[in-house]
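For reference, the structure discussed in these notes is given below.
The values are calculated or read from the model by the stated rules, or taken from the named source; none is laboratory data. Here the structure is a predicted model, which means the values were calculated and not measured. Cβ placement follows ideal geometry from the backbone for every residue including glycine, while neighbour counts extend to all protein chains displayed.
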Amino acid sequence: MQQEVIIVGGGMVGLSLALMLAKSNIAVKLLEAIQYPNYDDANLAPYHSSFDARNSALSRRSVQIYQELGLWDALQEHAVPILEVHITEQGSFGKARLQAEQEKVESFGQVIENAWLGRVLLTQVRAEPLIELIDGVKVTSLNQDADLAYLEAQRGSEVLKLQSKLVIAADGRDSFCRKALGIGVDEHDYDQVAIVTTVQTSKPHNHVGFERFSPLGPLALLPLPGEYRRSVVWPVKKGTEHEWVGEDNDQHFLNALQQTYGDRAGKFQKTGRRFSFPLSQVLAEKQAVGRVVLMGNAAHTIHPVAGQGFNLCMRDAYVLVRYLKEQLAQQADLGDAAMLQDYEKSRLTDQQRVIKFCDSVVRGFSNQNPVLKLLRNTGLIAFDTIPGIKPLVANYAMGLKA
Ligand SMILES: Cc1cc2nc3c(=O)[nH]c(=O)nc-3n(C[C@H](O)[C@H](O)[C@H](O)COP(=O)(O)OP(=O)(O)OC[C@H]3O[C@@H](n4cnc5c(N)ncnc54)[C@H](O)[C@@H]3O)c2cc1C
């Protein structure tokens, strides 16, 4: 009998992983708390906790994975390549610049609208015979013994009872499954919220991404489909978000952007509605217990400063599928605890490197101490002048080194 894997959580990670498994001939039952919409019109409105107003910078490795899944042609309709990256600090003279052409790569990755990514993934999942999608159900109980993992999921007053050799918990930062397994977390609250929106500028983006460290927080401006549209992710101090979010604050927000960026992007002309996301780092103390493995934000939620979180999750998912394929080929247990432990071990180096990198960028650039500021300046200049550093960082940021 074919072994079926249960995935809890159909966010960007759960859906992508389900498609990777199906491609490897592994049947999946995917349980999602939210009732997904039907796409019977051309409406691209945000509809889901994962597929909201955000945009994601996909590394080249993530793009390669979607190419392998045969999804890239559809995804790229709403994606643009990043050909250049500028990193600067407000009030400082240092500047780091990375150019795809110089690094001899096609691009540093692609920026995609999450709403579109979600739509393409969901459409594909619905069409995939090896995936059974059960949405609008919330997993409320998870147990396991030596042979199986057991789940209960609730839809209104109805309770579904399910069991599987392997449960993959991709149920997000506040993962129910993680708690049910008694897995603790190492949590750090950055005391920041990310203000996220789309803006229009008078100068075209020319496929340049900017990261600008400002006293208010590290502001990322990324190119979007449409020559003049840019994605904004601006982590600011928690408690100040009301200043930026809200229909009456459009001009105030545009002025703040203008002041922080100067005229590099021309005039900030229009802004979409702003959304805020609280920022913390949440790291599970273990990622595999018995027949259950944590995936995505449930395993590690990190600061979005370098756009690495989802890309890291995609690499985790890809490697897990490789392990499961091997088990399948040997007709072995897909929930084998030793194999899941091996998977976890194999991912630690990449995960820790990314987690440390993002955390130190946030902490390093948050401090306004003048000596640290000078060091940052020197660092940015060194980055721009010392041969050999750029290809290293570029490869790393593109997720190709993992
Ligand atoms: C502002 C911001 C910008 C970002 N930008 C980037 C970027 O540019 N590049 C990048 O790589 N990463 C980026 N990230 C990180 C990226 O968004 C996350 O890594 C990604 O969303 C994680 O997806 P997930 O599927 O693991 O979690 P989620 O999106 O949280 O999905 C979890 C799913 O599980 C479901 N669920 C929860 N509990 C249950 C339950 N009990 N039963 C059933 N279902 C349940 C939820 O409804 C949800 O659909 C950014 C993050 C932020 C905050």
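Conditions: (1) more than 14 Å from the ligand (Cβ to nearest atom); (2) buried (at least 18 other Cβ atoms within 10 Å of the Cβ). Ala317 meets all but one. Number of the miss?
It is condition (1) that Ala317 fails.
Which of the residues that make up the range 195-221 are outside any strand (DSSP E or B) and either buried (at least 23 other Cβ atoms within 10 Å of the Cβ) or not polar (S, T, N, Q) (or both)?
Lys203, Pro204, His205, His207, Pro215, Leu216
Counting only residues that are surrounded by fewer than 17 Cβ atoms within 10 Å (Cβ to Cβ) and part of a strand (DSSP E or B), how many does the range 222-237 have?
Result for the range 222-237: 1.
Would you check if there is a residue in the range 242-258 being within 30 Å of Leu142 (Cα to Cα), at pLDDT 90 or above and not in a loop (DSSP other than H, G, I, E, B)?
No: the range 242-258 contains no residue that is within 30 Å of Leu142 (Cα to Cα), at pLDDT 90 or above and not in a loop (DSSP other than H, G, I, E, B).
Mind counting the residues in the range 45-65 that are over 22 Å from Gly209 (Cβ atoms) and modelled with pLDDT of 50 or more?
Residues in the range 45-65 being over 22 Å from Gly209 (Cβ atoms) and modelled with pLDDT of 50 or more: 1 in total.
Looking at (1) surrounded by 15 or more Cβ atoms within 10 Å (Cβ to Cβ); (2) part of a loop (DSSP other than H, G, I, E, B); (3) not β-branched (Val, Ile, Thr), which is the only condition Arg119 fails?
(2)
Is it fair to say Glu211 is within 13 Å of the ligand (Cβ to nearest atom) and without any contact (Cβ under 8 Å) to a residue 60 or more places away in the chain?
No.
Residue under question is Ile168, and the condition is that it be within 14 Å of the ligand (Cβ to nearest atom) and either touching a helix residue (DSSP H, G or I) at 6+ places or on another chain (Cβ under 7 Å) or outside any strand (DSSP E or B) (or both); does it hold?
Yes: the conditions hold for Ile168.
Given the criteria modelled with pLDDT under 95, touching a Phe, Trp or Tyr at 6+ places or on another chain (Cβ under 9 Å) and not aromatic (Phe, Trp, Tyr), does Arg273 qualify?
In short, no.
Output the number of residues of the range 71-93 satisfying the condition of being assigned to a loop (DSSP other than H, G, I, E, B), of a type in the set (A, V, I, L, M, F, W, C) and either within 23 Å of Leu257 (Cα to Cα) or modelled with pLDDT under 90 (or both).
Result for the range 71-93: 3.
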